[in-house]
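Contents: one structure, followed by commentary.
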Amino acid sequence: MFVEMLPAIAFYILAATAVGMAFMVIASRNPVHSVVFLIGTFLASAGLFVLMGAEFLALLLIMVYVGAVAVLFMFVVMMLDVDFVEMKQGFLQYLPIGGVVACILLAEMILVGAASLVNPGAGVKFAEDGTSNIEAIGNVLYTEYAFFFEAVGLILLLAMVGAIVLTLRKRDGVKTQNISEQIARTREGGVELVDIKPGEGIGS
Amino acid sequence: MTDGLQFIAFSTVNSVSSGTQLSAPLSTQSAFLLEYLPVVMLFAIGLVISLAFLVMAKIFAPSSPDAEKISTYECGFNSFDDSRMKFDVRFYLVAILFIIFDIEVAFLFPWAVSIDKIGVYGWAVVMIFLFELAVGLAYAWKKGALDWE
């Protein structure tokens with residue numbers, strides 16, 4: 001009996017954690033704390049994915065979002081030298097556009113819920129019986145969705161090039177070791193024999 | 001725990017064979033979720049131990065802070081600056097490059113599992129994908145984005 005209730009209990013714990021953490025992301029005053037709460041939100045969402053049977057997505061969420069995106073957010077937070085008291089004052093200014101985005105998201109969620117009410121049998125199905133989640137993804141990702149997959153590669157390439165173009169600065173006057181230049185140095189280039197007459201210097 | 005799993009698996013089979021369609025998905029879901037019981041136990045143990053450190057330090061450790069004790073100490077003189085100084089933007093570049101190759105590797109995991117099903121076509125698709133990112137790597141290398149001056 002208890003075992004049958006297990007998914008529901010786990011869902012409510014995880015969902016409450018996710019919502020609470022998401023609220024703390026925008027409520028906490030210290031942006032570093034916000035990022036930590038964001039990590040908590042990601043972890044709870046990963047738990048929800050596991051609950052739906054999408055194990056691969058859950059682990060991917062932990063690997064990519066918790067492992068990499070959170071680090072990126074942390075860097076961004078530490079790179080910005082913003083006055084956070086000043087930032088809080090702009091809250092009301094962004095309220096209209098934030099409200100529009102929130103309304104769109106709410107409408108999407110209502111539509112999804114209504115769709116599952118209209119057609120109750122159509123749940124999310126991640127894998128055929130007998131194949132694991134990751135196998136089901138792999139079987140279609142590289143064949144049916146090959147072009148989308150290549151497009152993902154191009155987008156990643158674009159992101160890499162864009163990040164390099166935008167942030168790479170060559171600073172002048174930095175002393176670096178150029179090993180090939182060092183090795184290519186010959187006696188002719190490095191040594192000069194000068195005849196010095198007695199009584200004179202090598203004044204150039 | 002293993003016994004419990006087997007029992008649930010058997011009960012699933014029974015319910016399917018007896019035709020009660022409603023309880024069957026729930027049971028398989030429960031059986032699937034019970035596989036994650038060790039993970040939950042691991043989280044619980046981690047939570048208990050880390051909380052125990054905090055609580056025991058709060059209870060047993062002597063603590064009588066005053067303003068001078070908890071202020072920032074910087075070799076005797078007053079601290080120059082806030083500890084939250086600005087990072088160099090190059091950290092961001094490193095993080096972006098890390099994310100991109102992280103995602104690339106993430107896309108290779110399903111490939112490794114189902115490579116015998118998708119054949120030469122899937123292999124070629126992944127090779128093109130890898131080539132795209134190899135071009136990016138070559139670009140980053142050429143531009144000196146991987147160097148730290």
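Residue count for the range A:27-38 under the criterion of being in contact (Cβ under 8 Å) with a residue 24 or more places away in the chain, in a helix (DSSP H, G or I) and either polar (S, T, N, Q) or surrounded by fewer than 17 Cβ atoms within 10 Å (Cβ to Cβ) (or both): the result is 2. Just to be sure before I move on: is A:Ala10 assigned to a helix (DSSP H, G or I), in contact with a Gly (Cβ under 9 Å, 6 or more places away or on another chain) and closer than 14 Å to B:Leu33 by Cα in the structure I sent? Judged against the criteria, A:Ala10 is a match.
Of the residues making up the range B:98-126, those that are of a type in the set (Val, Ile, Thr), facing chain A (nearest Cβ under 7 Å) and over 14 Å from A:Leu59 (Cβ atoms) number 5. Does A:Met24 fit the bill of being open to solvent by 60 Å² or more (accessible area, probe 1.4 Å) and at the interface with chain B (Cβ under 10 Å from one of its Cβ atoms)? Here the answer is no, as A:Met24 does not meet what is asked. A:Glu181 satisfies every condition listed in (1) at pLDDT 85 or above; (2) over 30 Å from B:Ala140 (Cα atoms) except (2).
Selection within the range A:156-191: residues that are polar (S, T, N, Q) and open to solvent by 100 Å² or more (accessible area, probe 1.4 Å). The member of this set that is farthest from the other protein chains (Cβ to nearest Cβ) is A:Gln182. Hey, any hits in the range A:192-201 for a residue that's closer than 30 Å to B:Ala145 by Cα and either open to solvent by 90 Å² or more (accessible area, probe 1.4 Å) or of a type in the set (S, T, N, Q) (or both)? Within the range A:192-201, not a single residue is closer than 30 Å to B:Ala145 by Cα and either open to solvent by 90 Å² or more (accessible area, probe 1.4 Å) or of a type in the set (S, T, N, Q) (or both). Can you find a residue that is facing chain A (nearest Cβ under 8 Å) and touching a residue at least 12 places away in the same chain (Cβ under 8 Å) anywhere in the range B:74-90? Looking for residues that are facing chain A (nearest Cβ under 8 Å) and touching a residue at least 12 places away in the same chain (Cβ under 8 Å), one finds at least one in the range B:74-90, hence yes.
Counting the residues of the range B:46-73 that are open to solvent by 100 Å² or more (accessible area, probe 1.4 Å) and assigned to a helix (DSSP H, G or I) gives 10.
The values are calculated or read from the model by the stated rules, or taken from the named source; none is laboratory data. In this text the structure is predicted, and so the values were computed from the model without any measurement. Neighbour counts run over all protein chains shown; Cβ positions are idealised from the backbone, glycine included. Keep in mind that these areas ignore ligands, DNA and RNA; they rest on the heavy atoms of the full protein, side chains included. Shrake-Rupley method; radii C 1.70, N 1.55, O 1.52, S 1.80 Å.
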